[in-house]
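The values are calculated or read from the model by the stated rules, or taken from the named source; none is laboratory data. Everything quoted here is computed from the prediction, not taken from an experiment. Using ideal geometry, Cβ is built from the backbone for each residue, glycine included, and neighbour counts are taken over all protein chains shown.
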């Protein structure tokens, strides 16, 4: 089914904002120019601009023009995910994802210690056992899937139906980041060790211990990202710079 013209113009403008053709703070071309370049009417362009403005992707400065806002100001989840997906290997995106994980997952571990039932505990044990097996088999895809399964089991054990929904839309980005960090055998072992501690705290019904164990796990993930990924990428980019 063909997209409405205004939606196509919206998608095209958003793509050019994301790829840096129109960076944050830049002014979009006048409506007439956009209409001509897209081969549509000014009314169609105006509808697309209204949609961008409604999502706070752009702001209209009366008498001056339409200007691009930074992605941190955008209010539409799909637009933010689209932006983040194109910069998935950016240190900034990875660190922002870790911030979200720290805020959500430490609280989830605390709630899981209060509410987890035998099925929840078994699901965590199964995921961690699978992670250990994948680690020994050096199966990166299975390592990543098992890692995500362990954390998903904790979210569901929290007995709060909103928690899985919060991280759900980020699943592809989280998978990409998890797979990148898990490509290092040492990082896999860190995950196994910390998962074991988190699981034990939840099993003993200690909310404070569960929160602290998950906090330590996320802190280790920060350290691993900085040591194995960020440093490596920074060094590689430095080597690629022309003399």
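Looking at 191, 210 in this structure, which one is modelled with pLDDT of 95 or more and within 15 Å of residue 147 (Cα to Cα)? If you could, list the steps in order and put the result at the bottom.
Working: 210 fails: within 15 Å of residue 147 (Cα to Cα).
Exactly one residue qualifies, and that residue is 191.
When you go through 198, 119, 187 one by one, which is the residue that is under 28 Å from residue 86 (Cα atoms) and in the same structural domain as residue 227 (by TED's automatic domain parsing)?
Details: 198 fails: under 28 Å from residue 86 (Cα atoms); 119 fails: under 28 Å from residue 86 (Cα atoms).
Going through 198, 119, 187 in turn, just one is under 28 Å from residue 86 (Cα atoms) and in the same structural domain as residue 227 (by TED's automatic domain parsing): 187.
Of the residues 29, 23, only one is part of a loop (DSSP other than H, G, I, E, B) and under 25 Å from residue 92 (Cα atoms); which? If you could, list the steps in order and put the result at the bottom.
Details: 29 fails: under 25 Å from residue 92 (Cα atoms).
Answer to the selection: 23.
Return the total of residues in region 23-77 being under 22 Å from residue 166 (Cα atoms) and in contact (Cβ under 8 Å) with a residue 24 or more places away in the chain.
Residues in region 23-77 being under 22 Å from residue 166 (Cα atoms) and in contact (Cβ under 8 Å) with a residue 24 or more places away in the chain: 4 in total.
Just to be sure before I move on: is residue 85 assigned to a helix (DSSP H, G or I), over 30 Å from residue 179 (Cβ atoms) and either in contact (Cβ under 8 Å) with a residue 60 or more places away in the chain or more than 30 Å from the chain's Cα centre (by Cα) (or both) in the structure I sent?
On the way: assigned to a helix (DSSP H, G or I): yes; over 30 Å from residue 179 (Cβ atoms): no; either in contact (Cβ under 8 Å) with a residue 60 or more places away in the chain or more than 30 Å from the chain's Cα centre (by Cα) (or both): yes.
No: the conditions fail for residue 85.
Kindly establish whether residue 46 is closer than 30 Å to residue 229 by Cβ and surrounded by 13 or more Cβ atoms within 10 Å (Cβ to Cβ). Quick ask: steps written out before the conclusion?
On the way: closer than 30 Å to residue 229 by Cβ: no; surrounded by 13 or more Cβ atoms within 10 Å (Cβ to Cβ): yes.
So residue 46 does not fit the description; no.
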